[in-house]
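The values are calculated or read from the model by the stated rules, or taken from the named source; none is laboratory data. Keep in mind the model is a prediction, meaning the values are calculated, not measured. With ideal geometry, Cβ positions are generated from the backbone for all residues, glycine too; neighbour counts draw on all protein chains shown.
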Amino acid sequence: MVKPTIGGMAVIEGVMMRGPQYTSIAVRKADGSIEIEKEPVKELPRHWSFLKWPFIRGTYVLIDSMAVGIRMLNKSANLSMPEEEEELSPAEMLATGLFAFGLAILLFVILPTAVVHFTQDYIGGIVAQNLVEGVLRVAFFLLYVYAISRMEEIERVFMYHGAEHKSIFAYEAGEELTVENARKYPTLHPRCGTSFLLIVMVVSILVFVMLGDGSLFYRIWSRLAVLPVVAGLGYEFIRFSGKYYHNRLARVVIAPGLWLQKLTTREPDDQQLEVALMALKAVVPAEETAADKSSEPALKQIELARA
């Protein structure tokens, strides 16, 4: 039986997991207990089939993942707070999400575009300009990730990120979902969203070069306008490379994404693995948690991540 694809993300003092039918979040509270919340997945593609079409589905997945991710991050912040502290209000949650989105647009779209626009006389043609812009975008992303990784709170989030990957590896390998089984797996996973972001940045170089030259206003808004196209192409690329990850060429393509995950994951402790596994169990049917030693594709993924 083919196992359903499970995805997830690290949140504040916990992990969110998303399966075909349910989304769950498990958070270690201030008193040491673990609180789990579970809700049905509400997906528009079940009603609007065109959202499943190639290149369109990537845009939907990106928007939906961002919305769910921000909501779960805010929920985890409230769950992890000591009871005497006041929870974030819906308005504060919305403001946090808008600020994060605006900061991403500023750092990874507006800033590299503006730098290249004002220095274009020293760079050359539009192809060279777009290449420099892409390099700057990746550099800003790496600097941003490195900077936030120095924060103690974010470092713990990255540890939960590693716990999420280890737990999913154990599930994909058909093992019983225990801390002992999950502990031995790597923290780098081929289907991580970090790899998707890197692919999107590379694809954007190829797409943006077709937009031509123009004013700074045109450069910025044209790039924002084609972001759905970039997301769609990046998503299809990730699906294709994931399907053929056993291919030597695919391994080469996936490798930079795995290297990047070394910045966004840390080795978790057993308590963090326990939280991730509880979130995973909440979205996996009970019969799916039985050990299945014949899962060769999963083992190939594990071998790839360890390479």
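A compact table of results
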| quantity | calculated |
| --- | --- |
| Among the residues listed as Val145, Val135, the single one being free of Cβ contacts under 8 Å to residues at least 12 places away in the same chain, surrounded by 14 or more Cβ atoms within 10 Å (Cβ to Cβ) and either basic (Lys, Arg) or farther than 20 Å from Ser215 by Cβ (or both) | Val135 |
| Helices (runs of 4 or more DSSP H) wholly inside region 194-280 that include at least 1 residues being modelled with pLDDT of 85 or more and within 30 Å of Ala170 (Cα to Cα) | 248-264 |
| Test: Phe158 is in a helix (DSSP H, G or I) and either of a type in the set (D, E, K, R) or more than 27 Å from Val11 (Cβ to Cβ) (or both) | no |
| Yes/no for Arg137 being closer than 25 Å to Lys52 by Cα, in contact with a Phe, Trp or Tyr (Cβ under 7 Å, 6 or more places away or on another chain), at pLDDT 85 or above and part of a helix (DSSP H, G or I) | no |
